Amino acid sequence: MSLDKAYTFRRLDTLWQRDDFPILELRGKKYVLFSDLHMGDGGGADDFYANEITLEAALEYYRTNGFKLILVGDIEDLWKFGPEEVRSRYFQTAYSAISRIGNTNVRRIFGNHDGDWDTPRVDPIRVSPVQLGIATEAIKIMDAEGEVHILICHGHQGDIESDRGTWISRPAVRFYRLIEPILRTFGWAKNPPAINSQVLSSYEQTFYQWAKSQGVLIICGHSHRAIFASRSHLERCMEDLAKAKAVLLRPDLGMHAVKIIKEQVKRLKKEVRKEKKRGRKIIPVAGRDVPGPNYFNTGCGIYEDGITAIELTEDKIRLVKWNRNADPAHLYVTYGEMDLSTVLKQL
């Protein structure tokens, strides 16, 4: 992933200034945002198939609880697979779960791996398979006060390989598909999310800087790294750990409170170790500055242990995780939650 910062700023300026993108109202509505599922053919090069059942459970929850669905790009991996291969594999499962939410309740944004959706074509997420679907490059959200401060896009804008150089990137990925199952057999290839890369960090910092300069809240995917209010899960755990340790130093704490805080410290230390072991020590999006809540990232659907998503309601914004192979009590976990009105005031 290579980034042209000036070009990225121009691309985002254009998206924000255009008036032909859908503007969705937030008042009285609930949305859930998924990105980067990278659905394939169910074979050895399909990064998504292990999370298939997890996605179905999540979508059924959102359907029954009245959420609308926004697909934030790279839902299918059409760099690796043909549309019919993906449709054939997931038509009765993931596509069926999406279509049950209803045509008017599902929106598509195209990413680099499913950019084919910028032109009309038969869309398997539609209730009727003969209906044509088309995606847009961005969606804007109008808050409960009638103001538009939220931009949703996939996040490949300005990425040289994924925005301007797809003519060479796509054939290279299609070739890699042929050898990927062999590499995985010998443990030489894993799913690509959540690596600690300076290039990815520069990408995230650039999107954050643009959003900060415009006073905008931007929600993306693309990097496969879940970010909430410009902080990674590890950063928030470390901040919470520091606060909990500070509370333990208070001389007025009772024994019961001390016990509760010590349990919290133990849990947070375990989570910090787990995140570092997974390679999720993400360089701060805001650099050395105190981060403003301008940048959110949905993460992806190809984690080795589940799927992340962002929930957006009239009064809340949440980052959630749907865990794979978890007991019902731990299937759904909230990683971050803020009052949306508070977030928007800080832009």
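Before moving on, here are some points about what is shown:
- Contact annotation: no residue pair with Cβ atoms under 6 Å, 6 or more positions apart or on different chains, pairs a residue in segment 138-161 that is not assigned by TED's automatic domain parsing to the domain that holds residue 114 with a partner that is of a type outside the set (A, V, I, L, M, F, W, C).
- Only residues that are over 13 Å from residue 124 (Cα atoms) and part of a loop (DSSP other than H, G, I, E, B) were counted across segment 62-100, and they come to 11.
- Among the residues of segment 105-135, the ones that are buried (at least 19 other Cβ atoms within 10 Å of the Cβ), assigned to a strand (DSSP E or B) and in contact with a helix residue (DSSP H, G or I) (Cβ under 8 Å, 6 or more places away or on another chain) come to 2 in all.
- Of 66, 82, 73, 102, all but one fail to be of a type outside the set (S, T, N, Q), touching a residue at least 40 places away in the same chain (Cβ under 8 Å) and either assigned by TED's automatic domain parsing to the domain that holds residue 307 or surrounded by 14 or more Cβ atoms within 10 Å (Cβ to Cβ) (or both); the exception is 73.
- Pick from segment 25-47, criterion part of a strand (DSSP E or B) and under 20 Å from the mean Cα position of the chain (by Cα), ranking: surrounded by the fewest Cβ atoms within 10 Å (Cβ to Cβ): 30
- Within segment 210-228, one or more residues are under 22 Å from residue 12 (Cβ atoms) and in contact with a Pro (Cβ under 6 Å, 6 or more places away or on another chain).
- Check on residue 15, surrounded by 16 or more Cβ atoms within 10 Å (Cβ to Cβ), of a type outside the set (Val, Ile, Thr), modelled with pLDDT of 95 or more and outside any helix (DSSP H, G or I): no
- Here residue 80 fulfils each of the conditions (1) at pLDDT 95 or above; (2) closer than 20 Å to residue 222 by Cβ; (3) of a type in the set (Lys, Arg) apart from (1).
- Just one of the numbered conditions (1) under 24 Å from residue 55 (Cα atoms); (2) of a type in the set (Val, Ile, Thr); (3) out of contact with any helix residue (DSSP H, G or I) (no Cβ under 6 Å at 6 or more places or on another chain) is not true of residue 317: (3).
- Every condition in (1) outside the structural domain of residue 60 (by TED's automatic domain parsing); (2) buried (at least 23 other Cβ atoms within 10 Å of the Cβ); (3) of a type in the set (Gly, Ala, Ser) is met by residue 257 except one, and the failing one is (2).
- Strands (runs of 3 or more DSSP E) lying entirely in segment 238-334 (those with 1 or more residues that are in contact with a Cys (Cβ under 6 Å, 6 or more places away or on another chain), of a type in the set (Val, Ile, Thr) and at positive phi): none
- Any hit, segment 52-73, residues being within 14 Å of residue 299 (Cβ to Cβ) and charged (D, E, K, R): no
- Candidates 89, 121: the one that is of a type outside the set (Gly, Ala, Ser) and at pLDDT below 85 is 121.
The values are calculated or read from the model by the stated rules, or taken from the named source; none is laboratory data. Only a predicted model underlies this, so the values are computations on that prediction, with no experimental measurement involved. Heads up, the Cβs are rebuilt from the backbone with ideal geometry, glycines too, and the neighbour counts pull from every protein chain shown.
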